[in-house]
Amino acid sequence: MAKIAGKKHPIDFGKNFLDNRRILGEGKTLEGFIGGVAIGTGVAFLLQIAGFHNTEKGLVLSVGALLGDMAGSFLKRRLGLKRGEPAPLIDQLDFLTGSLVLYWILYGPVDANMLIILFLLTPVLHVLTNAMAYLLGLKNEPW
């Protein structure tokens, strides 16, 4: 998203944490956060028109996913991983966990069977879509 918007504005304002490592890193930007929420909510709106979803819940899921992604970046920085380095399972599940936690806080629990399906399918779909984005030149790394 920052490629489209131009200048990047890191969410952590370039600050370091107590361990003297960046809080989140250059990859987490205000432009990316706003763009991600806008796109996620827009998709939810289109799905609502088609009768499949709810725009308000789509907004909540989008914000939660991006907060979960930021939590994953925070954890990766604490582990000493640099931007773009793979972190199996963190990379595949941070956004899902964030979206489900925020959804649960606002709307209550998600059906257990749905949780099982989501946690089984998401890592596979995440790896496949990232590999596709890499092959299309949309990502610098295939993970």
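Students often forget the sequence filter, so: which aspartates and glutamates lie under 15 Å Cα-Cα from LYS15 once same-chain residues fewer than 8 apart are removed?
GLU26
Can you give the extra length, in nm with one decimal, that the chain gains between TRP104 and ARG78 once fully stretched, where that is 0.36 nm per residue apart less the Cα-Cα distance?
Computed gain between TRP104 and ARG78 is 6.7 nm.
Charges only on Cβ, +1 for Lys and Arg, -1 for Asp and Glu: so what's the dipole of the range 2-110 about the Cα centre, in debye to the nearest 20?
420
Could you list which residues have their amide H under 5 Å from that of THR29, counting only those 5 or more apart in sequence or on another chain, with H placed in the peptide plane?
ILE11
So which lysines pass the test for LYS57, namely a Cα distance under 29 Å, with those fewer than 8 places away in the same chain ruled out?
By straight Cα distance, LYS57 reaches LYS3, LYS8, LYS28, LYS76, LYS139.
If R0 is 30 Å, what FRET efficiency do you get for PHE52 and ASN16 from their C-beta distance, rounded to 0.05?
For PHE52 and ASN16, the calculated efficiency is 0.10.
Test of understanding: what is the full-extension gain from LYS8 to VAL124, defined as 0.36 nm times their sequence separation minus their Cα-Cα distance?
38.7 nm is the gain from fully extending LYS8 to VAL124.
Measuring from the lowest to the highest alpha carbon on each principal axis, how far does the range 2-110 reach, largest first, in angstroms?
Cα spread of the range 2-110 along its principal axes, largest to smallest: 47, 34, 22 Å.
With unit charges on the beta carbons (Lys and Arg positive, Asp and Glu negative) and the dipole taken about the Cα centre of the range 2-110, which residue among VAL63, HIS53, ILE11 sits farthest to the positive side?
ILE11
Quick note: the coordinates plus some simple rules give every number you see, no bench work behind them. The shown structure was predicted, so the numbers you read here are calculated from the model rather than taken from an experiment. Here the Cβ is made from the backbone with ideal geometry for all residues, glycine too, and neighbour counts use every protein chain on show.
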